[in-house]
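Below is one structure; the comments refer to it alone.
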Amino acid sequence: MAGAVDKKLLLRVAANARLNLTEAEIAKFLPQLQEILLAFSLLDALDVSNEKPSFQPLPLENVARKDAVEKCLSQEEALKNSRHKKDGYFMGPKVT
Amino acid sequence: MKKALGLNEFVKEVKRGNVSVVEHAEKILEEAEKSNPRLHCFNVVSRQIALEQAREIEAEIKTGRHKGRLLGVPISVKDCICVKGVESRAGSKILSGYVPLFDATVVEKARAEGAIIMGKTAQDEFGFGTFSNNVGIGFEKPCNPLDVKRSCGGSSGGSAGFTAFTTLAHASISESTGGSIACPASFCGVAGLTPTHGLVSRYGLIDYANSLDKIGSIGKTVEDAALLLEVISGYDARDSTSLQGSWEELSKPLASNDLKIGVVRDFFKGCDEAVQKECMNAVKRLEGKGAKVEEISLPLNAKYGIAAYYLASTTEASTNLARFCGMRYGLHEKLEGNFNEYFSNVRSKGFGEEAKRRILLGTFARMAGFRDAYYLKAMKVRTLLIKEFKQAFSGVDVLVNPTMPIVAPKFDEIEKLSPLEQYAMDLCTVPANLAGLPHASVPVGEHRNMPVGLMITADHLQEKKMIEAALAFEGACR
């Protein structure tokens with residue numbers, strides 16, 4: 001699997017992550033990621049087919065709070081950290 | 001450096017009226033501001049807010065109303081933890097200008113006990129580093145106060161650096177994902193405590209990797225760090241992974257004279273000989289005082305820990321960082337192009353090099369076609385690694401190993417390391433972090449005039465044992 005990352009796949013991953021990579025970044029990241037994934041492919045040797053994944057280090061139970069109205073940010077507060085706002089709303093880029 | 005008062009002692013003096021909280025706050029703010037152009041331990045020193053708080057506390061003390069456990073104690077906070085009204089950027093340009101409207105639970109808890117929040121400490125961007133060299137675009141790298149050519153360690157570098165530097169009563173709220181409290185504590189010669197995952201609320205933390213992030217404490221001594229950890233721990237309904245139950249009085253561990261110490265042979269192997277020697281000398285000192293010592297082997301953790309950790313943490317980081325897109329807070333650009341173009345533009349300008357590298361690695365590890373082979377595999381390996389730890393704890397109270405394989409390196413030495421070589425430096429710290437186990441780092445010796453830290457790991461929720469052992473090592477190595 002380690003050799004699977006080439007420039008084409010790296011660009012697909014970057015597009016998925018919403019990152020524009022420069023040619024210099026591609027030239028730097030590609031061999032680094034190949035090296036890292038090659039080193040990590042040592043996990044391939046381990047048979048874990050009978051193990052359950054530990055998405056959390058300790059067992060967790062689902063928790064839900066009471067379905068009651070609680071204090072939350074006002075509209076004005078929620079918008080306070082944004083420069084892109086209009087008429088009490090966030091203003092985003094074009095959708096299409 | 002002059003010896004600072006311990007926090008418990010300091011609070012007593014404050015309550016007796018022998019120390020002015022305002023004068024002390026002014027002194028430490030000046031110390032932080034004066035040293036910052038040279039050491040860069042702070043991203044923000046919140047002078048005004050700290051002094052307002054100090055004046056309020058002093059007025060309350062005069063009326064005899066305030067009885068807090070951290071009364072008048074200046075506390076610095078790692079940049080990734082939200083402080084109301086103070087720019088909180090997690091060391092990243094992409095959060096430029098973000099001023100939280102609320103305090104993280106840990107900050108709220110510290111304030112409720114009379115702590116004074118003095119500023120935000122420098123770190124690797126989002127915690128992505130071992131040396132605090134991966135700071136965000138436009139940030140300065142914190143320098144080790146013991147030798148400014150050397151790293152403070154990371155990612156809570158500013159927290160450990162300033163704790164080592166200050167001559168005044170102070171402790172720092174820091175955070176560890178893969179060793180980011182233990183490592184800088186080791187490099188700067190201070191005490192760092194990382195709790196069991198879930199013991200301390202993560203509400204208000206700018207996440208790196210949710211299943212790994214733990215807020216903890218750094219202090220000049222184990223007692224100082226334990227007091228702060230005790231204050232900030234406890235159940236919080238606002239964090240769905242917060243553990244229910246009560247772990248009070250962490251700083252007053254049970255008295256015990258028959259500590260069983262497991263020396264993790266596999267983690268010693270990859271360390272500098274001088275570091276190994278200092279750590280073994282510390283173990284021998286405790287053995288001489290009656291502790292029982294045995295060798296423990298954790299071969300799976302030693303071999304697979306780094307790979308499993310980096311796959312897990314970068315995968316989670318890549319989803320966490322997806323929220324930063326230049327619309328609601330942080331870095332903004334001119335609204336141009338469609339949303340994909342706009343988000344990509346902001347993100348490409350706002351994230352530093354290591355953040356991009358980890359986002360790419362994590363996005364790859366969870367993409368369709370690769371998820372099972374990388375992310376899911378790592379999660380299953382994690383199960384094996386936790387089991388190996390649990391087995392080890394059936395026979396011993398704590399496990400010990402060097403915190404870091406080397407003493408604090410010089411910045412020019414770090415520059416020569418590839419990303420993979422830098423990740424490999426986390427050999428001793430990532431396994432306990434991956435397993436969510438509580439661990440401490442305490443200074444036990446020196447090599448080339450730089451401190452050597454010993455890492456003490458306990459089983460889940462055995463913070464008292466961890467602290468008891470840490471106090472014993474600290475006492476034996478002073």
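The values are calculated or read from the model by the stated rules, or taken from the named source; none is laboratory data. All figures in this text were calculated on a predicted structure; none of them were measured in a lab. Positions of Cβ are backbone-derived with ideal geometry, glycine not excepted, and every protein chain shown enters the neighbour counts.
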Number of the exception - B:Ala59 against (1) of a type in the set (Gly, Ala, Ser); (2) in a helix (DSSP H, G or I); (3) under 21 Å from the mean Cα position of the chain (by Cα): (3)
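Please count how many residues of the stretch B:347-364 are more than 7 Å from chain A (Cβ to nearest Cβ), more than 18 Å from A:Leu38 (Cβ to Cβ) and either surrounded by 21 or more Cβ atoms within 10 Å (Cβ to Cβ) or modelled with pLDDT under 95 (or both).
Number satisfying all stated conditions: 4.
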When residues of the stretch A:59-81 are limited to those that are more than 9 Å from chain B (Cβ to nearest Cβ) and outside any loop (DSSP other than H, G, I, E, B), the one nearest to B:Asp239 (Cα to Cα): A:Gln75
Out of (1) within 14 Å of chain A (Cβ to nearest Cβ); (2) surrounded by fewer than 24 Cβ atoms within 10 Å (Cβ to Cβ); (3) farther than 15 Å from B:Pro184 by Cα, the one B:Gln422 does not meet is (3)
Failed condition for B:Gly158, given (1) within 25 Å of B:Arg323 (Cβ to Cβ); (2) in contact with a Gly (Cβ under 8 Å, 6 or more places away or on another chain); (3) crowded, with 24+ Cβ neighbours inside 10 Å: (2)
Being at the interface with another protein chain (Cβ under 7 Å from one of its Cβ atoms) and either in contact with a Gly (Cβ under 7 Å, 6 or more places away or on another chain) or β-branched (Val, Ile, Thr) (or both) is the filter here, so list the residues in the stretch A:17-58 that pass it. A:Ile36, A:Val48, A:Pro57, A:Leu58
Kindly indicate whether B:Gly234 is under 15 Å from the mean Cα position of the chain (by Cα) and not basic (Lys, Arg). no
Restricting to the stretch B:319-341, name every residue that is over 20 Å from B:Ser88 (Cα atoms) and either within 9 Å of another protein chain (Cβ to nearest Cβ) or crowded, with 23+ Cβ neighbours inside 10 Å (or both). B:Leu335, B:Glu336, B:Gly337, B:Asn338, B:Phe339, B:Asn340, B:Glu341
Any chance the stretch A:6-21 includes a residue that's touching a residue at least 40 places away in the same chain (Cβ under 8 Å) and either in a loop (DSSP other than H, G, I, E, B) or within 26 Å of A:Pro93 (Cα to Cα) (or both)? no
When you scan the stretch B:335-346, how many residues do you find that are at pLDDT 95 or above and among the charged types (D, E, K, R)? 1
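Starting from residues that are assigned to a helix (DSSP H, G or I) and touching a Leu at 6+ places or on another chain (Cβ under 7 Å), keep the ones in the stretch B:31-50 and report whichever is surrounded by the fewest Cβ atoms within 10 Å (Cβ to Cβ).
At the first step, the residues of the stretch B:31-50 found to be assigned to a helix (DSSP H, G or I) are B:31-39, B:47-50.
Those still in the list that are touching a Leu at 6+ places or on another chain (Cβ under 7 Å) too: B:31, B:47, B:50.
Details: B:Glu31: 19, B:Arg47: 16, B:Ala50: 24.
Here the residue is B:Arg47.
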If B:Met367 satisfies every condition in (1) in a helix (DSSP H, G or I); (2) within 9 Å of chain A (Cβ to nearest Cβ); (3) out of contact with any Ser or Thr (no Cβ under 8 Å at 6 or more places or on another chain) but one, which is the exception? (1)
Can you tell me which residue among A:Val48, A:Val63 is under 30 Å from B:Gly245 (Cα atoms) and out of contact with any Pro (no Cβ under 6 Å at 6 or more places or on another chain)? A:Val63
Filter the stretch B:375-398 for residues that are outside any helix (DSSP H, G or I), touching a residue at least 24 places away in the same chain (Cβ under 8 Å) and of a type outside the set (A, V, I, L, M, F, W, C); which is nearest to the other protein chains (Cβ to nearest Cβ)? B:Asp397
Report yes if B:Leu434 is within 14 Å of chain A (Cβ to nearest Cβ) and either more than 15 Å from B:Gly262 (Cα to Cα) or among the aliphatic types (A, V, I, L, M) (or both), otherwise no. yes
